[in-house]
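K.L.:
The structure that follows is given in the form of structure tokens.
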Amino acid sequence: MKLVFAGTPEVAVPALDALIASDRHEVAAVVTRPDAPAGRGRRLVASPVAQRAEEEGIEVLKPAKPRDEDFLARLREIGPDCCPVVAYGALLPKVALDVPRHGWVNLHFSLLPAWRGAAPVQHAVLAGDEVTGASTFLIEEGLDSGPVYGVLTEEVRPTDTSGDLLTRLAFAGAGLLVATMDGIEDGTLRAVPQPAEGVTLAPKLTVEDARVDWTAPALRVDRVVRGCAPAPGAWTLFRGERLKLMSVTPLADRTDLALAPGELAVAKNAVHVGTGSHAVELQWVQPQGKKPMRAADWARGVRIAAGERLGA
């Protein structure tokens with residue numbers, strides 16, 4: 001089939017590469033978000049998908065909105081059979097959805113209808129899901145509600161961050177997306193409507209969502225830290241300034257650490273914090289305006305006093 005691929009961030013690049021490598025399909029063009037400011041100089045930078053497409057000599061379309069007439073006219077000129085999508089980042093209007101004869105097929109990183117929305121992997125980690133996965137589905141005007149072509153499952157490991165899990169799903173999902181294109185082309189795949197039961201929503205996480213509540217159980221603190229890594233990044237307050245928490249370890253076996261929620265206890269090479277259940281050990285932190293560092297090194301530098309707390 002002739003394809004127009006839509007995607008923007010790094011997580012979409014494995015799927016683009018897999019489609020380019022396929023000997024059954026042609027990636028005629030790529031649709032991505034417009035160049036965005038990045039770095040200290042805030043200069044405009046093309047998206048990872050745009051950069052990868054340009055390396056391959058593939059036409060790149062960057063509409064401000066996918067309902068722009070110039071974009072729609074060019075899409076009709078190309079005449080794609082199908083438009084595979086991975087994390088494009090903009091809502092597609094019906095006028096665009098109607099252009100390819102096989103529609104727009106999205107690779108979504110959850111087992112639909114669970115975790116519809118912008119942050120399915122983060123919410124799977126936050127919820128403590130033991131298994132998640134990826135789904136390919138036909139995009140319609142509802143939020144991730146279209147009929148499903150195929151799924152794959154992936155175990156959520158006890159120490160997974162959202163970044164770890166998303167990387168695995170991006171590569172596994174690339175194969176699923178190619179297989180979906182193959183099945184659509186040869187007529188062996190039919191999309192199946194999603195069940196009405198089991199719908200959960202996964203809105204984009206805010207900075208406030210990433211703030212650690214030390215009165216919560218240690219298991220919840222650990223999930224927030226892992227679920228918000230690498231973005232938006234779990235954080236707390238220390239002496240009135242933000243302290244980013246990059247990794248923690250729950251210490252269910254340390255019954256000797258009787259600490260109040262947020263209370264700090266410093267040992268020779270360890271920093272412990274009380275929660276609503278048992279303590280956690282801080283592993284890596286990032287003070288405001290500084291680079292990430294081991295928690296023990298941070299504690300030596302700030303000279304924590306007895307009774308000091310995080311989150312106050």
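K.L.:
If you take the charge dipole of the range 163-279 about its Cα centre, with +1 on Lys and Arg Cβ and -1 on Asp and Glu Cβ, which of 210, 234, 271 is farthest toward its positive end?
P.N.:
In the range 163-279, that residue is 271.
K.L.:
To the nearest 0.05, what FRET efficiency results for residue 77 and residue 145 with a Förster distance of 22 Å applied to their C-beta separation?
P.N.:
On the way: r = 30 Å, r/R0 = 1.36.
The pair residue 77/residue 145 has a calculated efficiency of 0.15.
K.L.:
With unit charges on the beta carbon (Lys/Arg positive, Asp/Glu negative), name the residue among 100, 138, 124 whose Cα is farthest towards the positive pole of the charge dipole of the range 59-148.
P.N.:
100
K.L.:
Considering only protein heavy atoms and a 1.4 Å probe, what is the carbon-and-sulfur percentage of the accessible area of the chain?
P.N.:
Result for the chain: 52 percent of the exposed heavy-atom area is carbon or sulfur.
K.L.:
Using the crude model of +1 on Lys and Arg Cβ and -1 on Asp and Glu Cβ, and no other charge, please compute the dipole size for the chain relative to its Cα centre, in debye to 20. Could you put the intermediate results ahead of the total?
P.N.:
Details: 34 positive and 39 negative charges, 296 e Å.
So the dipole magnitude of the chain works out to roughly 1420 debye.
K.L.:
Determine the gain in length on full extension of the stretch residue 42-residue 172; use 0.36 nm per residue of separation and subtract their C-alpha separation, reporting nm with one decimal.
P.N.:
Once the chain is fully extended between residue 42 and residue 172, it gains 43.5 nm.
K.L.:
While we're on this one: Measuring from label point to label point, each 7 Å out along Cα→Cβ, what is the residue 242 to residue 70 span in nm?
P.N.:
Taking the simple label geometry, residue 242 and residue 70 are separated by 3.6 nm.
K.L.:
With an 8 Å Cα cut-off and a minimum separation of 6 or more residues, compute the relative contact order for the range 155-285 in percent.
P.N.:
21 percent
K.L.:
Between the range 97-164 and the range 236-252, what is the C-alpha centre distance in whole Å?
P.N.:
Computed from Cα coordinates, the inter-centre distance equals 30 Å.
K.L.:
For residue 31, list long-range residues whose amide hydrogen, built 1.01 Å from N in the peptide plane, is under 5 Å from its own amide hydrogen.
P.N.:
Hits under the 5 Å cutoff: 5, 6, 7, 61.
K.L.:
Straight distance only, please: which lysines reach the Cα of residue 94 with their own Cα at less than 27 Å, same-chain residues fewer than 8 apart left out?
P.N.:
2, 62, 65, 204
K.L.:
Can you name the helices of the chain, as whole DSSP H runs, whose Cα span along the helix axis is 18 Å or more and whose Kyte-Doolittle mean is not below -0.5?
P.N.:
162-186
K.L.:
Follow-up. Along the range 120-129, what does the Karplus equation 6.51 cos²θ - 1.76 cosθ + 1.60 (θ = phi - 60°) give for ³J(HN,Hα), rounded to whole Hz, x for Gly and Pro?
P.N.:
Values, residue by residue: x, 5, 4, 6, 4, 5, 4, 7, x, 4 Hz.
K.L.:
Continuing with the same structure: Can you give the helix-only mean residue ellipticity at 222 nm for the chain, where every DSSP H stretch with n ≥ 4 adds -39500 (n - 2.57) and the sum goes over all residues, rounded to the nearest 500 deg cm²/dmol?
P.N.:
-7500 deg cm²/dmol
K.L.:
Obtain the nm distance between the two label points defined at residue 21 and residue 208 by a simple spin-label model: each point lies 7 Å from its Cα along the Cα-to-C-beta direction.
P.N.:
Taking the two extended label points, one gets 4.4 nm.
K.L.:
How big is the gap, in Å, between the Cα center of the range 261-312 and the Cα center of the range 4-39?
P.N.:
Going from one Cα centre to the other spans 42 Å.
K.L.:
Can you give me the accessible area per residue for the chain, using a 1.4 Å probe, in Å²?
P.N.:
48 Å²
The values are calculated or read from the model by the stated rules, or taken from the named source; none is laboratory data. Predicted, not measured: the structure shown is a model, and the values here were computed from it. For neighbour counting, all protein chains shown are included, and Cβ atoms are generated from backbone atoms with ideal geometry for every residue, glycine included. Surface accessibility is based on the protein's heavy atoms, side chains included, excluding ligands, DNA and RNA. Shrake-Rupley method; radii C 1.70, N 1.55, O 1.52, S 1.80 Å.
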